[in-house]
Amino acid sequence: MKKISKICCIGAGYVGGPTMAVIASKCPEIKVTVVDVNPERIARWNSDNLDELPVYEPGLKEVVAGARNRNLFFSTDVEQSIREAEMIFISVNTPTKTYGKGKGMAADLKYVELCARQIADVATEDKIIVEKSTLPVRTAQTIRTIMENCGKHINFQILSNPEFLAEGTAIADLQNADRVLIGGDRSTPEGREAIDALASIYEHWLSPDKILRTNLWSSELSKLTANAFLAQRVSSINSISALCEMTEADVDEVAGAIGADSRIGSKFLKASVGFGGSCFQKDILNLVYICKSLGLNDVAEYWQGVIDINNYQKRRFAEKIVTSLFNTVAGKKIAFLGWAFKKDTNDTRETAAMYVADYLLDETANITVYDPKVTQTQMLTDLNYLATREESKNSAMLHSVKDPYEACKDAHAVAILTEWDEFKGYDWQKIYDNMKKPAFVFDGRNIVDAEKLRNIGFKVSQIGK
Ligand code: UDX
Ligand code: UDX
């Protein structure tokens, strides 16, 4: 079997960085080099101060500290790393297109194509190319065509190996994966050899029965489908949360009751202000786009509904704040607890918080945010990205502070946008004493003890209750 001794990963982001750190820590005999075009990002991965790594993940620091400069390297020398590696992971971003055909829906594959062309230019020996980024089904064909037309007599094998890690638990998800999926060309000996070579890397720490082998297209499509199904569960329970609020049913009780059915299962049934993150919306939009392009309009509409309910849920939460505050938040201070798209991460991509903030800023509220991991600069970047008003207005109306009690001081309402554990343990009496009255709490994550807060004097509103 082909033994891999050098790996290159293009893209040192949320996926590439942690994934390669775990591979390096589990396979000390393999040299793993993570490359990126962004020198600042690479400098942070190489920083002596492990608190400066560009990605925050519980357990990541320790894994990086153990392997870095032993067999794990971070570099901007993309070509050198491609040249020496037998296996190259493509882990660059594939955002939703912001221009041209498929704008707002299709995945933008320009970075993936650039990687493929760069590999084709530089390679002098056989390479196994692994798609790690989430890609539309049949992207491997594009990569293959580029490779086959590069004019070199080199054997390129393309594999699809989608990442299922969730942020905040990335290291644990990688170390104890439910499954690893490898798609490849099983019809040729070279294809099977490439699949086995990749499988043998994971077999350093996972049992072989966790490694699923499929054809390329099933693997590519499985990633989109997995995210669509997960998001669909959140939208399903969020749609029911609206009904609960009108019928005195309690959405957490309903979720508990249906989740106890082993056919349904209990995970991903937590009602919330809406899902965020870099993947769910992007991947579903991509799925919708692919279905439409293939004339499957009914299928496209079905999945579009998952996004529609998510937008509805974010809007509904913001509207409730306005109506509860006597139909106006103009000039009122609203405190946000949390900005990240979920707890234990500094990632804010597609966070519900920015959409709720945008809605309230339209109503000319003043927002003060406390998030344990997100900077004010990032919050303003997120808002400016929406391009709904002048940037100077965003920075005049939204501020972040480093102390949660200060964020809540003199506020008319506290809105909880992220489920950070620390919010539960706050001195809520102290928060209440320093707020304007009546003091409102809008709990977008159902994490506070509503009964206790009501006894203090708060007017508490939770999702689906
Ligand atoms: C990305 C994709 O968004 C996701 O679909 C996929 O599943 C995994 O890769 P993520 O790692 O979270 O997710 O993206 P990001 O944190 O933006 O990292 C991508 C990195 O690639 C960036 O650091 C960027 O500088 C780098 N990059 C991008 C290159 O090195 N070369 C390029 O041509 C483009
Ligand atoms: C997701 C997938 O879980 C992962 O397998 C894939 O590789 C990348 O996309 P991630 O975006 O990191 O991971 O986070 P995830 O934990 O799935 O949460 C996504 C969003 O859904 C978050 O905003 C979260 O708060 C929300 N969510 C999740 C809920 O509102 N309710 C739930 O029950 C679960």
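When the Cα atoms of region 113-226 are aligned to their principal axes, the ranges along those axes come out at 42, 26, 23 Å in descending order. In whole percents, the pair-distance distribution calculated for region 215-340 from its alpha-carbon pairs, binned every 10 Å from zero, is 11, 34, 32, 17, 5, 1. Between 0 and 90 degrees, the angle of helix 352-362 with respect to the longest Cα principal axis of the chain falls at about 50 degrees.
Determine the relative contact order of the chain: mean sequence separation of Cα pairs under 8 Å and six or more apart, normalised by residue count, in whole percent.
Working: 882 pairs, mean separation 54.3, N = 465.
Here the relative contact order equals 12 percent.
Global size of region 157-285: 18.3, 62 Å for Rg and Dmax (C-alpha atoms, Rg to one decimal, Dmax whole). The calculated FRET efficiency for Tyr385 paired with Val37, based on their beta-carbon distance and R0 = 30 Å, is about 0.90. Share of pairwise Cα-Cα distances greater than 18 Å in region 1-81 is 33 percent (whole percent).
Counting other Cβ atoms within 10 Å of each Cβ, which trypsin sites (Lys or Arg not before Pro) in region 306-403 have at most 11 and sit in a DSSP loop?
Details: sites: Lys314, Arg315, Arg316, Lys320, Lys332, Lys333, Lys342, Lys343, Arg349, Lys373, Arg389, Lys393, Lys402; in loops: Lys332, Lys342, Lys343, Arg349, Lys373, Arg389, Lys402.
Taking region 306-403 and a limit of 11 other Cβ atoms within 10 Å, the loop trypsin sites (Lys or Arg not before Pro) found are Lys402.
Normalised by 2.2 N^0.38 Å, where N is the number of residues, the C-alpha radius of gyration of region 332-418 stands at 0.95. Region 42-175 gives an Rg/Rh value of 1.00, both radii derived from C-alpha positions and Rh following Kirkwood.
The angle between the Cα long axis of helix 280-293 and the main principal axis of the chain comes to about 60°, on a 0 to 90 degree scale.
For a straight C-alpha distance cut-off of 27 angstrom, the lysines reachable from Lys101 (same-chain residues fewer than eight places away being disregarded) are Lys110, Lys132, Lys223, Lys282, Lys292. Distance from the Cα centroid of region 132-185 to that of region 319-358 is 36 Å (rounded to whole angstrom).
Pairwise Cα distances in region 71-144 exceed 16 Å for 52 percent of all pairs. Within the chain, what's the longest stretch lacking GluC sites (Glu not before Pro) that sit in DSSP loops with no more than 10 other Cβ atoms inside 10 Å? Excluding the exposed sites themselves, the longest stretch runs over 30-247.
Which of the trypsin sites (Lys or Arg not before Pro) found in region 239-283 are loop residues per DSSP with 11 or fewer other Cβ atoms within 10 Å of their Cβ? It would help to have the intermediate numbers written out before the result.
On the way: sites: Arg263, Lys267, Lys270, Lys282; in loops: Arg263, Lys267, Lys270.
Counting only loop positions with at most 11 other Cβ atoms within 10 Å, the trypsin sites (Lys or Arg not before Pro) in region 239-283 are Arg263, Lys267.
With a simple spin-label model that places each label point 7 Å from the Cα along the Cα-to-Cβ direction, the separation between Thr225 and Asp126 comes to 3.1 nm. The convex hull built on the alpha-carbon positions of the chain has an orientation-averaged projected area of 23.3 nm².
Considering only C-alpha atoms, what is the centroid distance from region 215-258 to region 270-315, in Å? First find each Cα centre; the distance between them is then 12 Å. Using only alpha carbon pairs under 8 Å that are at least six residues apart, calculate the relative contact order of region 256-361 and give it in whole percent. That works out to 30 percent. Taken about its Cα centre, the chain carries a charge dipole of about 400 debye when Lys and Arg each add +1 at the Cβ and Asp and Glu each add -1 at the Cβ.
Could you let me know the centre-to-centre spacing of region 393-448 and region 4-74, using Cα atoms, in angstrom? Cα centres, region 393-448 to region 4-74: 36 Å.
For region 119-168, what is the convex hull (Cα atoms) projected area averaged across all directions, in square nanometres?
Numbers: hull surface 16.6 nm².
Convex hull of Cα atoms, orientation-averaged projection: 4.1 nm².
None of the figures in this text is laboratory data; all of them are computed from the coordinates on show. All of these numbers come straight from a predicted model, not from anything done at the bench. Here the Cβ is made from the backbone with ideal geometry for all residues, glycine too, and neighbour counts use every protein chain on show.
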